[in-house]
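A.B. asks: I have a structure I would like to understand better, so I am pasting it below and will then ask my questions one at a time.
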Amino acid sequence: MNEKRMLDDQHYETMLAEESLCTKENLVYETPAEALYDTPMHYCPGCGHGVVHRLLAEVIEEMEILHDVIGVAPVGCSVLAYNYLNIDMSEAAHGRASAVATGIKRVLPEKYVFSYQGDGDLAAIGTGETIHTCNRGENVLIIFINNGIYGMTGGQMAPTTLPGMKSTTSPFGRDVDTMGAPLKITDLVAELPGTYYVTRQSVHKPANVRKTKKAIMKGFEYQKLGKGTCFVEVVTNCPSNWKMTPLDSNTWMEENMLPFYPLGDIKVPQKGEN
Ligand SMILES: Cc1ncc(C[n+]2csc(CCOP(=O)(O)OP(=O)(O)O)c2C)c(N)n1
Ligand code: SF4
Ligand SMILES: [Mg+2]
């Protein structure tokens, strides 16, 4: 064993022996053990879905609404969200999550209800349900994971795919003349009278993770006050279908997705309204 390795091992042993380090006060992170099952997720390494699941679990525990919240899972990579979140959940057919959330909330108005949807689910097949749920101002929270692609089915072009971005169905890059411009559905729903709080966030950096958590919490708080539809978009990555490492995908996202989908609040309550 070389000298450096020996020193490293000694250092490690000393650290382990320092029981004083392992105190409650020194804890910087605890998993939300009640709201999140202790099970490996199927998501690819670096995928944003897992981070947003954890944030949801943290918010649900901190708000102490574990037994008062009902989620609706989409079709897409997050179809198995109910295997990870230890709360009541329903599955919806592709695109129909906000309609299912509407039904649940109307029958059980005292519950906190949210839908969790990808961009293909929410902004392609579910465009009608999304627009009308928001227009009616249903008192639900919609969480929209925008990774610019159909992740689950192998990387086809989504409504959110950027101009020039390659996908399996736009192998030469999205041509806006023939394929249309990307649909900024979050800006669109912000124009509707039924939405109360609309924001676009990300989870690619710690500061952004914290902002997204706050946004999810606000969405539930406004729901408690009966304010109407809250809509939280999270711009994320899809390292596998973008064919990049997790790190490169985050850099690419920052350089290409964020100029097109700028982060920040799009619709906030007017002064004195909340
Ligand atoms: C009615 C219907 N049409 C198409 C499909 C196939 N399909 C399943 S997931 C999916 C795309 C999901 O993409 P997205 O919503 O962006 O979620 P992601 O996997 O990227 O998180 C499609 C087209 C389906 N299951 N049902
Ligand atoms: S295919 Fe993309 S969206 Fe789906 S789990 Fe993998 S990285 Fe995430
Ligand atoms: Mg997607």
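Every number here is computed from the coordinates shown, using simple stated rules; none is lab data. For clarity, every value in this text was computed on a predicted model and none was experimentally measured. We place every Cβ from the backbone using ideal geometry, glycine too, and count neighbours over all the protein chains shown.
A.B. asks: In the chain, with Lys and Arg counted as +1 and Asp and Glu as -1 at Cβ, which of these residues, 183, 232, 48, has the Cα nearest the positive end of the dipole, that is, farthest along it?
C.D. replies: 183
A.B. asks: Largest first and to the nearest Å, give the Cα extent of the chain along each principal axis.
C.D. replies: The Cα atoms of the chain stretch 66, 49, 36 Å along the principal axes, largest first.
A.B. asks: Cα centroids of the stretch 111-185 and the stretch 202-274: how far apart, whole angstrom?
C.D. replies: 14
A.B. asks: Which residue, 63, 157, 253, tops the fluctuation ranking in a GNM of the chain built on C-alpha contacts under 10 Å?
C.D. replies: Highest fluctuation among the options: 63.
A.B. asks: Now a separate question. For residue 243, give me every one of the lysines with a C-alpha distance below 27 angstrom, ignoring sequence neighbours fewer than eight places off in its own chain.
C.D. replies: 166, 184, 205
A.B. asks: Just to confirm the number: angle between the C-alpha axis of helix 206-224 and the first principal axis of the chain, 0 to 90 degrees, nearest 10?
C.D. replies: That works out to roughly 50 degrees.
A.B. asks: Can you tell me the FRET efficiency between residue 63 and residue 255 if r is taken as the Cβ-Cβ distance and R0 is 30 Å, rounded to the nearest 0.05?
C.D. replies: 0.30
A.B. asks: If the cut-off is a Cα-Cα distance under 15 Å, which aspartates and glutamates reach residue 267, setting aside same-chain residues fewer than 8 apart in sequence?
C.D. replies: Leaving aside aspartates and glutamates fewer than 8 places away in the same chain, those within reach of residue 267 are 187, 191, 233.
A.B. asks: Pick from 154, 50, 76 the residue whose mean-square fluctuation is largest in a GNM of the chain, springs joining Cα atoms under 10 Å.
C.D. replies: Of 154, 50, 76, the Gaussian network model singles out 154 as fluctuating most.
A.B. asks: Now a separate question. Can you give the angle from 0 to 90° between the axis of helix 127-136 and the longest principal axis of the chain, with both taken from C-alpha atoms, to the nearest 10?
C.D. replies: The angle comes out near 80 degrees.
A.B. asks: Now a separate question. Which far-off residues, 5 or more places away or on another chain, put their amide H under 5 Å from the one on residue 69, with H placed in the peptide plane?
C.D. replies: 88, 112
A.B. asks: Angle between the Cα long axis of helix 97-107 and the longest principal axis of the chain, 0 to 90 degrees, nearest 10?
C.D. replies: 80
A.B. asks: Can you list, largest first and rounded to whole Å, the semi-axes you get for the stretch 65-197 by taking the square root of 5 times each eigenvalue of its Cα gyration tensor?
C.D. replies: Each semi-axis is the square root of five times an eigenvalue, giving 28, 17, 10 Å.
A.B. asks: Which of 39, 236, 31 ends up with the largest GNM mean-square fluctuation for the chain, with Cα atoms connected below 10 Å?
C.D. replies: For the chain, modelled as a Gaussian network with Cα springs under 10 Å, the answer is 39.
A.B. asks: Students often forget the sequence filter, so: which lysines lie under 21 Å Cα-Cα from residue 111 once same-chain residues fewer than 8 apart are removed?
C.D. replies: 213, 214, 218, 224, 227
A.B. asks: Quote the relative contact order of the stretch 84-220 in percent (integer), defining contacts as alpha-carbon pairs under 8 Å separated by 6+ residues.
C.D. replies: Dividing the mean separation by the residue count of the stretch 84-220 yields 18 percent.
A.B. asks: Distance from a point 7 Å along Cα→Cβ of residue 210 to each backbone N in the stretch 49-80: keep the residues under 20 Å and list them by number.
C.D. replies: The answer is 51-63.
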